Amino acid sequence: MVTISGLLLVISGPSGVGKSTIIEHMLVSGLAECECVFSVSMTTRLPRQGEIEGINYHFVSRDRFLFAIEHNELLEYAEFAGQFYGTPEEPIREAMAKGQCVILDIESHGMLQVRERAPDAVTVFVTPPDWDELRKRLRGRGTENEELIEARLEISRVDYDNKVLYDHIIVNTEIDEAAAQLAEIINKRRRLNYA
């Protein structure tokens, strides 16, 4: 993947750490000095209550996802709990061609795949202030059974060990502060790109 004029930002961290909330807060508050868009992933899992096609995910069949892998349509992909998740590359190319900052919310394995194909991507890892709080948040969402929660926590531990591979680390103790830190990372990189 060739970086054109935009910015590709990968944000990772344990499930339940507040990545989506930080991103949304940053987007709504207008802290970034450029137009930021959130990449919409593709998945084979069924929509959860309230999720909207094309907003939360592109919900596709397993055959369609395997076709995307075979035809190199994905920037990265992974399998979790028997379901595939991945990032379609074409919408990212289009957004970056317009000078937008494209934000991907993916785990560390996906980040490493992105780095292979887009070495200029900026990577950010969000950590929880406390692991017990993280476990409580995951249970409080009420969207997954205990087995899936434990699987997510195990992936989170592996991701946490990989945090040293990221360009930046944000400890999410307070949403406003974390959103401001994320915006500053984007703004600094954009200034460097246009210096």
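The values are calculated or read from the model by the stated rules, or taken from the named source; none is laboratory data. Treat the numbers as computed from the prediction; the structure is a model and nothing was measured. Please note: Cβ atoms are built from the backbone with ideal geometry, for glycine as well, and neighbour counts cover all protein chains shown. Side chains are part of the model used for accessible areas, which takes the heavy atoms of the whole protein and leaves out ligands, DNA and RNA. Shrake-Rupley method; radii C 1.70, N 1.55, O 1.52, S 1.80 Å.
Six or more apart or on different chains, Cβ under 6 Å: which pairs go from a residue in the stretch 97-121 that's without any contact (Cβ under 8 Å) to a residue 60 or more places away in the chain to one that's surrounded by 21 or more Cβ atoms within 10 Å (Cβ to Cβ)? Could you list them?
Correct list of pairs: Gln113/Glu76.
So which residues in the stretch 106-146 are at pLDDT below 85 and of a type in the set (Val, Ile, Thr), if there are any at all?
Thr143
Can you tell me which residue is nearest to Ile22 (Cα to Cα) among those in the stretch 175-190 that are over 18 Å from the mean Cα position of the chain (by Cα) and without any contact (Cβ under 8 Å) to a residue 24 or more places away in the chain?
Taking the candidates together, the pick is Glu177.
Given (1) touching a Gly at 6+ places or on another chain (Cβ under 9 Å); (2) open to solvent by 70 Å² or more (accessible area, probe 1.4 Å); (3) within 18 Å of His25 (Cβ to Cβ), where does Pro128 come up short, assuming only one miss?
With respect to (1) touching a Gly at 6+ places or on another chain (Cβ under 9 Å); (2) open to solvent by 70 Å² or more (accessible area, probe 1.4 Å); (3) within 18 Å of His25 (Cβ to Cβ), Pro128 is out only on (2).
Of everything in the stretch 1-25, what is touching a Gly at 6+ places or on another chain (Cβ under 6 Å) and under 17 Å from Ala183 (Cβ atoms)? Give them in sequence order.
Going residue by residue through the stretch 1-25, those that are touching a Gly at 6+ places or on another chain (Cβ under 6 Å) are 5-6, 19.
Scanning the stretch 1-25 gives Gly6, Lys19.
I'm trying to understand the selection: among the residues of the stretch 74-111, which are part of a loop (DSSP other than H, G, I, E, B) and surrounded by 17 or more Cβ atoms within 10 Å (Cβ to Cβ)?
Initial filter on the stretch 74-111 (part of a loop (DSSP other than H, G, I, E, B)): 81-82, 98-100, 106-107.
Scanning the stretch 74-111 gives Gln100, Ile106, Glu107.
Return the residues of the stretch 46-65 that are among the charged types (D, E, K, R), part of a loop (DSSP other than H, G, I, E, B) and under 18 Å from the mean Cα position of the chain (by Cα); say none if nothing qualifies.
Glu51
Being in a loop (DSSP other than H, G, I, E, B) and either open to solvent by 90 Å² or more (accessible area, probe 1.4 Å) or β-branched (Val, Ile, Thr) (or both) is the filter; apply it to the stretch 26-45 and report the residue that is nearest to Asp176 (Cα to Cα).
Glu33
Would you call Asn172 more than 13 Å from Leu9 (Cα to Cα), under 17 Å from the mean Cα position of the chain (by Cα) and at pLDDT 90 or above?
When the stated conditions are applied, Asn172 passes them.
Which residues, counting only those in the stretch 112-161, are small (Gly, Ala, Ser) and outside any loop (DSSP other than H, G, I, E, B)?
Correct list: Gly140, Ala151, Ser156.
Sort through Ile69, Ile23 and tell me the only one that's touching a residue at least 12 places away in the same chain (Cβ under 8 Å) and loosely packed, with under 14 Cβ neighbours inside 10 Å. Steps first, please.
Details: Ile23 fails: loosely packed, with under 14 Cβ neighbours inside 10 Å.
Unique residue meeting the criteria: Ile69.
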